[in-house]
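The values are calculated or read from the model by the stated rules, or taken from the named source; none is laboratory data. Predicted model, so just to flag it, every value in this text is computed and none were measured. Ideal geometry is used to build each Cβ from the backbone, glycine not excepted, and the neighbour counts take in all protein chains shown.
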Amino acid sequence: MPRITQSVSELKRFIENAESVWVEVFYSADTNKVIIVDGREYLRLPLRFSTRAKVIAYFRRYWGIALSNRMFCNLMTVTRNGRLYVIAGDTGPLPYYPRRLRVTSRTPTRLRVTANLSFDVDTDEGTEIIRYLIARSGERLTILDRSNKFGDPRYQPCR
């Protein structure tokens, strides 16, 4: 569980981990376990992500319920024989490395953060400016909202 962080480096690490959870689930699929549904290939996810509830619980480590559900929808999954399968493909480059970060406002229960996210950990290539609303509750941080949801395939509205 992420703890309430005060330093910029800890917030950078939190945002990088949060931005990468969707990619971790998507690319954890077994390329040797393929099914075809309606002409599309799907790859079986490992047991730790074998159900909708497990995947959403994994996303909820960093994200609020609304964004966790939205991220699950964008995995494009099917269930066969009690196991979850994700559509085969490549997402292309997704920005999730925070290059610069600034806390724009802070209250006892909320943080507003602006981050420059890059495709590459070492360069500013493909930098996007993203604003986050982060809830603070006890020892836990949760991202409640993120700007530029429509420009990223992980956060598109559910169909």
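Listed by first and then second residue, the pairs with beta-carbon distance under 9 Å, at least 6 apart or on different chains, first residue in the range 144-159 and farther than 17 Å from Pro93 by Cβ, second among the β-branched types (Val, Ile, Thr), are Leu144/Ile134; Asp145/Ile134; Arg146/Ile130; Ser147/Thr114; Ser147/Ile129; Ser147/Ile130.
Listed here are the residues, each with its yes/no results for (1) among the polar types (S, T, N, Q); (2) more than 20 Å from Ala57 (Cβ to Cβ).
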site: Thr107; (1), (2): yes, yes
site: Leu111; (1), (2): no, yes
site: Ser118; (1), (2): yes, yes
site: Asp124; (1), (2): no, yes
site: Arg136; (1), (2): no, yes
site: Glu139; (1), (2): no, no
site: Thr142; (1), (2): yes, no
site: Ser147; (1), (2): yes, yes
site: Pro157; (1), (2): no, yes
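Pairing each residue of the range 46-66 that is under 28 Å from Asn32 (Cα atoms) with any residue that is modelled with pLDDT under 95 and among the basic types (Lys, Arg), provided the two are 6+ apart or on different chains, yields C-beta distances under 8 Å for Ser50/Arg83.
Just one residue in the set Ile65, Ile56 is modelled with pLDDT of 95 or more, more than 28 Å from Asp122 (Cα to Cα), exposed (fewer than 14 other Cβ atoms within 10 Å of the Cβ) and not hydroxyl-bearing (Ser, Thr, Tyr); that residue is Ile65. When Arg159, Arg154 are screened for being assigned to a helix (DSSP H, G or I) and touching a helix residue (DSSP H, G or I) at 6+ places or on another chain (Cβ under 8 Å), only Arg154 passes.
Looking at Arg131, is it modelled with pLDDT under 90, over 20 Å from Phe49 (Cα atoms) and basic (Lys, Arg)? I'd like the intermediate steps shown before the answer.
Values: modelled with pLDDT under 90: no; over 20 Å from Phe49 (Cα atoms): yes; basic (Lys, Arg): yes.
No: the conditions fail for Arg131.
Every condition in (1) under 20 Å from the mean Cα position of the chain (by Cα); (2) assigned to a strand (DSSP E or B) is met by Thr91 except one, and the failing one is (2).
Of all residues in the range 15-39, those being surrounded by 13 or more Cβ atoms within 10 Å (Cβ to Cβ) and among the charged types (D, E, K, R) number 3.
Restricting attention to the range 17-75, report how many residues are of a type in the set (S, T, N, Q) and under 20 Å from Tyr96 (Cα atoms).
Of all residues in the range 17-75, those of a type in the set (S, T, N, Q) come to 17, 20, 28, 31-32, 50-51, 68-69, 74.
Then keep just the ones that are under 20 Å from Tyr96 (Cα atoms); that gives 17, 20, 28, 68-69, 74.
Number of matching residues: 6.
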